[in-house]
Amino acid sequence: MAGAAHPLPMAPRIVILGGGTAGTLAANRLSRRHGDAVEIVVVDRDDRHVYQPGQLFIPFGMEEPEAIVRSRRKQLRRGIELRLGEVDRVQSAESTVLLADGETLEYDVLVVATGASLQPEETEGLTGPGWGERVFEFYSLPGARALHDALARLDSGRLVVAVLDMPIKCPPAPLEFAFLADWHLRERGLRDRVQITYVTPLDGAFTKPVASEHLAGMLERKGIGLETEFAAARVDGETGRLISWDEREVPFDLLVAIPAHGGADFVSRSDGLGDELGFVRTDPRTLRSKAAENVFALGDAADLPTSKAGSGAHFQGETLVENVGRYLEGEDLAGSYDGHVNCFIESGFHRALFIDFNYEVEPLPGHYPEPHLGPLALLRESRINHLAKLAFQPIYWHMLLPGHDIPGIAPQMSMAGKHLTATEQGDTQ
Amino acid sequence: MSTLTYAGVPVETDPEGFLRDPGQWTEEMARAIALANGIDPLTDRHWQVIRFMRDRYLETGSAPSIRALGKASGVPIKELYELFPKGPAKLAAKIAGIPKPRGCI
């Protein structure tokens with residue numbers, strides 16, 4: 001038997017760690033599929049679900065913090081239990097989760113969906129002198145709110161947007177921040193008094209060649225400096241310098257840092273579950289963890305070699321539910337997740353780009369989801385892309401989290417509507 | 001596709017000199033690639049990193065990032081930069097005969 005090695009109870013218990021994007025949509029999809037035939041328990045430390053794409057807009061006063069927070073419990077279907085508590089560790093050999101309050105939760109299937117967490121302490125000096133004064137981040141609500149006030153005070157000098165390490169959640173977000181900062185400063189008539197520099201550990205503006213070239217061109221047209229292959233070693237907030245391991249320095253008056261990310265703390269305390277950064281070691285096609293046959297992972301928590309983004313968790317949802325079902329039935333798993341992710345990239349001035357890609361195919365120009373028709377333009381700025389990004393928050397709450405498929409948007413990536421470019425075809429030259 | 005000769009053996013590489021097929025790699029070749037990149041000789045500490053990179057690539061299909069190397073290889077990041085100046089993750093990958101690390105997106 002390929003799946004359950006021991007007889008399962010009448011109503012198997014599925015425990016889902018994390019009630020964010022991935023955990024919530026997984027819980028709702030499993031509930032819709034199995035109804036009362038399974039018991040579903042979601043564990044999270046609080047009842048505040050943040051619409052994370054909204055955080056980008058808070059520093060610019062384009063979004064209010066409380067407008068992007070809702071109850072986690074209210075996003076879950078009736079019958080799903082939300083247990084508030086801190087996870088101490090997963091004991092996969094015993095199929096139990098130990099909570100910090102001493103309680104032990106038994107499971108038949110475990111789904112780890114605890115996302116990625118910010119680890120600012122990983123970079124020397126980042127949280128030292130200057131933190132919250134001229135050194136900020138916008139990947140948390142308090143951080144984004146504090147940056148709003150600092151940006152309002154900025155009237156001249158050097159603004160540096162720095163990705164300190166990879167992987168990070170939503171890799172285009174720092175670029176979007178730089179584009180929006182350029183727009184914001186132009187609107188305030190200050191752009192010629194503020195120099196903007198984008199700093200990245202990658203060898204280009206983005207990871208994939210075609211998109212990277214396109215986005216580097218946009219930075220240049222907006223007069224934003226680009227510093228690549230910068231492996232940040234430390235931040236000196238007193239003198240305003242960002243310093244790399246090979247002793248390059250970038251001076252700043254205001255630093256917007258994207259801190260290093262890692263998995264949830266309990267992952268590293270759980271035998272065999274995670275890699276050295278605390279991401280769950282996961283089969284990239286089936287989403288089963290490498291730790292145990294009844295443990296799965298999806299979303300940012302997994303070590304999948306694709307972008308950490310809500311759209312990824314959405315596209316993984318179908319594969320996850322299918323494979324949890326197959327495991328419970330004792331069947332072989334389906335290797336159906338292809339690494340599909342898509343993202344909007346806000347570029348300021350009421351425009352945005354849209355990119356769509358998977359494990360094998362990098363972001364290419366074209367139209368999405370319908371070839372020629374779009375309405376979204378791939379890898380090109382348009383007003384419709386921007387309007388779609390703004391329209392996405394209600395889709396997130398009412399379609400993505402409840403676990404509905406979005407009409408016309410397939411979980412697997414499609415090549416239809418994508419234009420192969422010279423770069424793509426000439427990859428081997 | 002390019003072909004380079006390391007330690008007398010012709011191998012297929014990408015435009016930056018990273019081996020296409022890690023199976024073609026030998027320790028002799030590692031010494032030759034290191035020398036061509038200004039590293040001579042390869043010390044035990046170099047080898048510790050090279051073997052770690054290779055094992056990790058063969059096990060997971062991707063090369064570790066610099067932070068992962070610093071945490072798991074037993075060699076701290078500062079020393080990695082002394083051993084493999086400029087970009088340790090890339091240079092060690094090249095010497096270890098594995099494809100160029102694709103900064104995961």
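The values are calculated or read from the model by the stated rules, or taken from the named source; none is laboratory data. These numbers were taken from a predicted model, which means no experiment stands behind them. Positions of Cβ are backbone-derived with ideal geometry, glycine not excepted, and every protein chain shown enters the neighbour counts.
A few remarks follow.
- Residues located in segment A:103-149, provided they are part of a loop (DSSP other than H, G, I, E, B), within 23 Å of A:MET166 (Cβ to Cβ), among the small types (Gly, Ala, Ser) and in contact with a helix residue (DSSP H, G or I) (Cβ under 8 Å, 6 or more places away or on another chain): A:ALA113, A:GLY115, A:SER140
- When A:LEU401, A:LEU364 are screened for being under 22 Å from A:SER31 (Cα atoms) and in contact with a His (Cβ under 9 Å, 6 or more places away or on another chain), only A:LEU401 passes.
- Meeting the requirement of 3 or more residues that are surrounded by fewer than 23 Cβ atoms within 10 Å (Cβ to Cβ) and in the same structural domain as A:ARG153 (by TED's automatic domain parsing), the strands (runs of 3 or more DSSP E) wholly within segment A:248-307 are A:249-251.
- Which numbered condition A:LEU154 misses (of (1) within 21 Å of A:GLY263 (Cα to Cα); (2) out of contact with any Gly (no Cβ under 9 Å at 6 or more places or on another chain)): (1)
- Spans of helices (runs of 4 or more DSSP H) in segment A:310-429 with at least 3 residues more than 14 Å from every other protein chain (Cβ to nearest Cβ) and without any contact (Cβ under 8 Å) to a residue 12 or more places away in the chain: A:383-395
- Screening segment B:40-92 for helices (runs of 4 or more DSSP H) wholly inside it with 3 or more residues that are within 8 Å of chain A (Cβ to nearest Cβ) returns the ranges B:66-72, B:77-83.
- Leading residue by the ranking (surrounded by the fewest Cβ atoms within 10 Å (Cβ to Cβ)) among those in segment A:197-222 that are within 11 Å of another protein chain (Cβ to nearest Cβ) and assigned to a loop (DSSP other than H, G, I, E, B): A:ASP203
- Screening A:ALA150 with (1) within 14 Å of another protein chain (Cβ to nearest Cβ); (2) touching a residue at least 12 places away in the same chain (Cβ under 8 Å) gives one miss only, at (1).
- Filtered residues of segment B:1-24 (kept if more than 14 Å from every other protein chain (Cβ to nearest Cβ) and in contact (Cβ under 8 Å) with a residue 40 or more places away in the chain): B:GLY17, B:LEU19, B:PRO22, B:GLN24
- If you go through segment A:223-245 and keep only what is part of a loop (DSSP other than H, G, I, E, B) and buried (at least 19 other Cβ atoms within 10 Å of the Cβ), you end up with A:ILE224, A:PHE230, A:ALA231, A:GLY237, A:GLY240, A:TRP245.
- Here A:ASP192 passes the criteria (1) free of Cβ contacts under 8 Å to residues at least 60 places away in the same chain; (2) assigned to a loop (DSSP other than H, G, I, E, B) except the one numbered (2).
- Hits in segment B:13-53 (condition: out of contact with any helix residue (DSSP H, G or I) (no Cβ under 8 Å at 6 or more places or on another chain) and of a type in the set (D, E, K, R)): B:ASP14, B:ARG20, B:ASP21, B:GLU27, B:GLU28, B:ARG31, B:ASP44, B:ARG51
- Failed item, numbered, when A:PHE230 is tested on (1) farther than 27 Å from A:GLY132 by Cβ; (2) of a type outside the set (Val, Ile, Thr); (3) within 14 Å of another protein chain (Cβ to nearest Cβ): (1)
- Screening A:ALA162 against (1) crowded, with 20+ Cβ neighbours inside 10 Å; (2) farther than 22 Å from A:LEU126 by Cα; (3) not polar (S, T, N, Q) leaves a single unmet condition, (2).
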